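The structure under discussion appears below in the form of structure tokens.
Every number in this text was worked out from the coordinates using simple rules, so none of it is lab data. These numbers were taken from a predicted model, which means no experiment stands behind them. Cβ atoms come from the backbone with ideal geometry, glycine included; neighbour counts cover every protein chain shown.
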Amino acid sequence: MSKKKISVLTLVAIVLIIIGIILREGYLSFNGSLKGPGLPIWFLGFLFCCVLSSIFGVVGIIVEIIRRNKRGMVICVICILLNCILIGSSRESARRITCASAMKCIGFSLQQYAMDYSGYFPPENGAAGLEYLRKYDYLCDYAVFICPSTKTVCGKDKQPLTEETVDYVYIGGLTDKSDPKSPILYDKPGNHEDFGNVVFADGTVNNFSGKNWTEKIKK
């Protein structure tokens with residue numbers, strides 16, 4: 001007897017997971033950078049393909065059981081397990097995207113502050129400098145100052161920002177005349193493993209990876 005061909009549902013599950021892997025590798029090749037609006041869409045496309053592939057895989061298992069096609073059942077199970085592994089390993093990438101988005105929001109608020117204060121950013125370093133944004137109603141959402149990869153508890157009830165409630169390093173004293181590529185805000189080391197997002201004086205966001213990523217910021 002010839003071997004039974006796998007069902008269309010199984011083939012769709014395989015194609016979707018291949019597309020998902022391609023999207024994921026394309027995203028990772030840019031180290032999760034937010035330089036362009038397409039990159040986060042790549043990542044969301046990867047997640048969508050994995051979820052859809054798992055759904056087709058589950059339905060495919062049922063169909064292959066009815067057809068008594070063991071090979072098809074095995075392929076469907078492998079697809080589902082592979083999707084679970086890929087999605088699980090990509091959760092930190094999603095947190096990095098959220099972190100970069102929050103930092104971009106802080107950077108925009110810093111730009112607004114500088115426009116109102118003759119081109120000067122808040123003068124103090126660290127949380128004390130970012131407190132200017134909260135105190136003067138430029139950015140009052142405590143959650144924005146927390147990295148999603150940490151377990152830091154955000155402030156509340158109009159409490160001043162402190163180093164215990166802020167997950168980012170702010171460099172005070174810059175102006176709109178400073179080098180546009182001077183770092184003004186970056187992840188505290190330890191927010192992510194061997195990775196950090198950085199906001200520059202011109203408001204752009206980039207990221208660096210490696211154990212010594214903080215040393216690459218000014219290079």
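Okay, here's what the table says:
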| quantity | calculated |
| --- | --- |
| Of [x] 19.3, 59; [y] 22.9, 83; [z] 19.4, 73, the label for Rg and Dmax of the Cα atoms in Å derived from the coordinates | [y] |
| Sites excluded, chymotrypsin sites (Phe, Trp or Tyr not before Pro) in DSSP loops with at most 16 other C-beta within 10 Å, longest stretch of the chain | 31-116 |
| Leading residue at positive end of dipole, the chain (Cβ point charges), from Asn125, Ala143, Ser178 | Ala143 |
| For Ile184, distant residues with modelled amide H under 5 Å away | Val199, Phe200, Ala201 |
| Helix-only [θ]222 nm of the chain, DSSP H runs n ≥ 4, -39500 (n - 2.57) each, per residue, nearest 500 | -17000 deg cm²/dmol |
| Ascending count of other beta-carbon atoms within 10 Å, so fewest first, for Ile171, Ile80 | Ile171, Ile80 |
| Top positive-direction residue, dipole computed over the chain with Cβ charges, set Gly45, Ile97, Ile66 | Ile66 |
| Ranked Arg68, Arg24, criterion: other C-beta atoms within 10 Å, fewest first | Arg68, Arg24 |
| ³J(HN,Hα), Karplus 6.51/-1.76/1.60, whole Hz, each residue of region 165-180, x for Gly, Pro | 10, 10, 9, 10, 9, 10, 9, x, x, 7, 10, 6, 9, 5, 3, x |
| Cα gyration tensor, region 94-216 - rounded (a/c under 1.5), prolate or oblate | oblate |
| Student exercise, the chain dipole from Lys, Arg, Asp, Glu Cβ charges, in Debye to nearest 20 | 1540 debye |
